[in-house]
Amino acid sequence: MMRPWQALAIVSGAIIAVVIAFASISYNATLGTDEPAFVWLPVVTNTTMFAGLALAFDLGMVASVFGFFHWRQSNRIGAALCVALFLIASLFSIHSVRGYIALNITRSLAPAERAADIYQSLKRQLLVEQEHLSRLREKKFDASRRERRVIDADIVALENRIVETRSRLSQTDIGRHVSPLAGLEWFLAVTLWFFNATCWTAWFGHKTSAPAIAADMVVDWLAERDLSQPRHCAELFEDYRAWCASGGREPLTHVRFYARLTELGARKFRDGRKGPMMYVME
């Protein structure tokens, strides 16, 4: 039966996962374009692909938690793949959410970069115009009277443009208008990821009484088995897990199971120099 704190954890995890998913979709969708993502499938655009990828990774992060706890004893390869998926999805999610926070919450990147680009562009334009003005003034000395009239008109027009450019430069705001949280984008993204992962893993709980109960179940399991003849350690553990599963019991891990067998009087030995580990009750 689900306990109240477990219900709270799963609800909190679901809310945070939805927030992370929407943030990732919003940020990654802005990186895409309306061009087809695949030549053979023009209907799917880059924007759609990025948004779907972001949602898939966020859902994969949640699914990998359940997959790891489900397969950690029965399928080590599956559990390892879930860990790898969790790491990849986590890195993708942290990066995406960090970008979303920077662009939409603290606004510490886009506006400042835009203002800096405009300012640098105007400075370059002013430099080019001033160099052009110098060349025109030098050219005027060697020009004829008719050419001087044309050059004078060009100089006046260029001087007006320089005045206008300087005016635009003086009015360009290159200050950073950001929130008090600016600079904390990575911290906020990692914190959100941490709470998300913690909520989902906390849903499984910590079964403090399970080891003692399971240890007593080893006695019950052993009472129905004949270990007077040596048996392979893996065979015993699989038999024990199947017996627990048939009765809805919580099995021990293989390490604790073997330790409990030894406590109950089983002797372990290796069958041959490099043979398998065997157990027998003496």
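The values are calculated or read from the model by the stated rules, or taken from the named source; none is laboratory data. Computed from a predicted model, the values in this text were never measured in an experiment. Neighbour counts run over all protein chains shown; Cβ positions are idealised from the backbone, glycine included.
Which one of 252, 236, 222 is hydrophobic (A, V, I, L, M, F, W, C) and under 22 Å from residue 274 (Cα atoms)?
236 is the lone residue from the list that is hydrophobic (A, V, I, L, M, F, W, C) and under 22 Å from residue 274 (Cα atoms).
Condition check: within 21 Å of residue 72 (Cβ to Cβ) and among the aromatic types (Phe, Trp, Tyr). Does residue 269 satisfy that?
Spelling it out, it is not the case that residue 269 is within 21 Å of residue 72 (Cβ to Cβ) and among the aromatic types (Phe, Trp, Tyr).
Being within 53 Å of the chain's Cα centre (by Cα) and not in a helix (DSSP H, G or I) is the filter here; which residues of the range 133-175 pass it?
Correct list: 172, 173, 174, 175.
Yes/no per residue for (1) surrounded by 11 or more Cβ atoms within 10 Å (Cβ to Cβ); (2) of a type in the set (Lys, Arg); (3) at pLDDT 85 or above:
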| site | (1), (2), (3) |
| --- | --- |
| 220 | yes, no, yes |
| 228 | no, no, no |
| 258 | yes, no, yes |
| 275 | no, no, no |
| 281 | yes, no, no |
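Give me a count of the residues in the range 150-164 that are among the polar types (S, T, N, Q) and in contact with a helix residue (DSSP H, G or I) (Cβ under 7 Å, 6 or more places away or on another chain).
Total meeting the criteria: 0.
What is the number of the single condition among (1) charged (D, E, K, R); (2) modelled with pLDDT of 85 or more; (3) surrounded by 12 or more Cβ atoms within 10 Å (Cβ to Cβ) that residue 131 does not meet?
(3)
Working only within the range 96-128, note down all residues that are modelled with pLDDT of 85 or more, more than 30 Å from residue 55 (Cβ to Cβ) and of a type in the set (Gly, Ala, Ser).
Correct list: 121 only.
Here is a check on your reading of the model: is residue 29 aliphatic (A, V, I, L, M), outside any loop (DSSP other than H, G, I, E, B), closer than 25 Å to residue 199 by Cβ and not assigned by TED's automatic domain parsing to the domain that holds residue 245?
no
Across the range 32-79, what is the total count of residues that are of a type outside the set (Gly, Ala, Ser), more than 22 Å from residue 250 (Cα to Cα) and outside any helix (DSSP H, G or I)?
Number satisfying all stated conditions: 12.
Given 46, 28, which one is surrounded by 15 or more Cβ atoms within 10 Å (Cβ to Cβ) and touching a Pro at 6+ places or on another chain (Cβ under 8 Å)?
46
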